[in-house]
Amino acid sequence: MKEFFKNTGKATVYFLVYILAQAVAFFVGSVVCGTVVAYQAGVQGKTLAPAEAMQSATELLTQNLGLALIANAVIAISIYVIFFAIRKKNFFNETSIKKISAKTAILAVTTVIGTYCCMNYSLNFIPEDSSLAQNFIESSSRLSGMPFWQSLLATSIIVPILEEVVFRGLMFSRLNRSMPTWLAIIITSAVFGLVHGQALWAVWAGLLGVIINIVRVKTGSLIPCIIIHVINNTTSSIISELNLDTEISLGANIAVVVIGAVFLVTSLYLIGKDRSDNEADVEVSTITA
């Protein structure tokens with residue numbers, strides 16, 4: 001019981017650091033944007049009402065959301081690295097960032113291909129006029145409002161790395177030491193989904209979290225998890241930037257989802273098969289236990 005509270009406590013603290021870093025980054029971003037708006041208004045000889053100034057600052061922050069996300073990642077990672085350095089522990093070992101075979105890397109790519117086809121095209125089955133779909137579109141539009149370079153750097157590369165470090169590298173590893181693996185997967189995936197906010201986003205992210213957690217268990221490394229997350233988000237960013245229409249006929253859509261599911265299941269079955277027992281940084285219980 002002592003180990004349970006110790007490890008769940010650590011997992012909770014790691015998560016709170018992530019949330020705190022996010023709050024600090026957005027607070028600083030809001031202050032900077034407010035200062036810029038006030039300066040620009042002063043140069044133009046305008047006097048803005050508090051509500052108008054706040055709205056302008058919010059719009060400026062939204063347009064540069066990527067910078068706030070990058071700041072969040074820098075703050076959080078810095079805290080983790082300093083924390084482990086003080087405790088004289090290796091950050092890479094603590095987060096299971098270790099090399100993988102070429103076969104595992106390739107299977108990570110096929111996993112994300114299957115995941116993307118299966119999950120993203122399943123969204124086409126949701127009626128466009130439903131409130132769920134509309135809320136999902138509105139949430140997505142906030143992310144697409146930033147410059148493409150910010151989207152590519154922040155949401156496609158830096159944020160996925162941070163989220164993998166937090167959820168699969170730190171939280172899962174600690175929870176897995178004090179509870180069955182399947183339960184650790186469910187908890188970390190549920191929390192991962194909830195931090196994405198909107199209902200459909202939460203479900204989508206939660207399912208993605210389950211898939212990535214399975215990869216984490218089977219490979220014993222965070223690297224394939226990062227590969228999957230980065231490729232998934234990069235693909236979404238590029239499609240959004242190019243305004244590519246993913247709407248296809250019902251039959252073709254079903255075929256893509258089925259083929260994606262086959263790719264996904266096959267990849268998850270094969271990935272980690274070449275991993276030897278001594279490559280694991282922690283002992284994991286079976287997923288079905």
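Taking first residues from region 72-101 that are over 18 Å from Pro160 (Cα atoms) and partners that are part of a loop (DSSP other than H, G, I, E, B) and of a type in the set (Gly, Ala, Ser), the Cβ contacts under 6 Å between residues at least 6 apart in sequence or on separate chains come to Ile100/Ser221.
Quick check on this structure: which one of Gly45, Gly29, Gly66, Gly34 is modelled with pLDDT under 85 and either assigned to a loop (DSSP other than H, G, I, E, B) or within 21 Å of Met146 (Cβ to Cβ) (or both)?
On the way: Gly29 fails: modelled with pLDDT under 85; Gly66 fails: modelled with pLDDT under 85; Gly34 fails: modelled with pLDDT under 85.
Testing whether each residue is modelled with pLDDT under 85 and either assigned to a loop (DSSP other than H, G, I, E, B) or within 21 Å of Met146 (Cβ to Cβ) (or both) leaves just Gly45.
Scoring Val210 on the criteria (1) in a helix (DSSP H, G or I); (2) surrounded by 19 or more Cβ atoms within 10 Å (Cβ to Cβ); (3) not aromatic (Phe, Trp, Tyr) leaves a single failure, condition (2). All of Val43, Val17 fail the test of being out of contact with any Leu (no Cβ under 8 Å at 6 or more places or on another chain), in contact (Cβ under 8 Å) with a residue 60 or more places away in the chain and not charged (D, E, K, R), apart from Val17.
Looking at Ile231, Ile238, can you tell me which residue is modelled with pLDDT of 95 or more and either part of a helix (DSSP H, G or I) or touching a Cys at 6+ places or on another chain (Cβ under 9 Å) (or both)?
Working: Ile238 fails: modelled with pLDDT of 95 or more.
The match here is Ile231.
So, in region 271-286, how many residues would count as being modelled with pLDDT under 95 and either surrounded by 14 or more Cβ atoms within 10 Å (Cβ to Cβ) or among the hydroxyl-bearing types (Ser, Thr, Tyr) (or both)? Here the count works out to 10.
Condition check ((1) over 30 Å from Leu264 (Cβ atoms); (2) of a type outside the set (Ser, Thr, Tyr)) across all residues:
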| position | (1), (2) |
| --- | --- |
| Thr12 | yes, no |
| Leu20 | yes, yes |
| Ala68 | yes, yes |
| Ile77 | no, yes |
| Phe83 | yes, yes |
| Leu107 | no, yes |
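Of the residues Thr111, Thr115, Thr104, which single one is among the hydroxyl-bearing types (Ser, Thr, Tyr), over 20 Å from the mean Cα position of the chain (by Cα) and not in a loop (DSSP other than H, G, I, E, B)? Reasoning before the result, please.
Values: Thr111 fails: over 20 Å from the mean Cα position of the chain (by Cα); Thr115 fails: over 20 Å from the mean Cα position of the chain (by Cα).
Going through Thr111, Thr115, Thr104 in turn, just one is among the hydroxyl-bearing types (Ser, Thr, Tyr), over 20 Å from the mean Cα position of the chain (by Cα) and not in a loop (DSSP other than H, G, I, E, B): Thr104.
The values are calculated or read from the model by the stated rules, or taken from the named source; none is laboratory data. Just so we're clear, the structure is a prediction, and the values are computed from it rather than from any experiment. Every residue, glycine among them, receives a Cβ derived from its backbone with ideal geometry; neighbour counts consider all protein chains shown.
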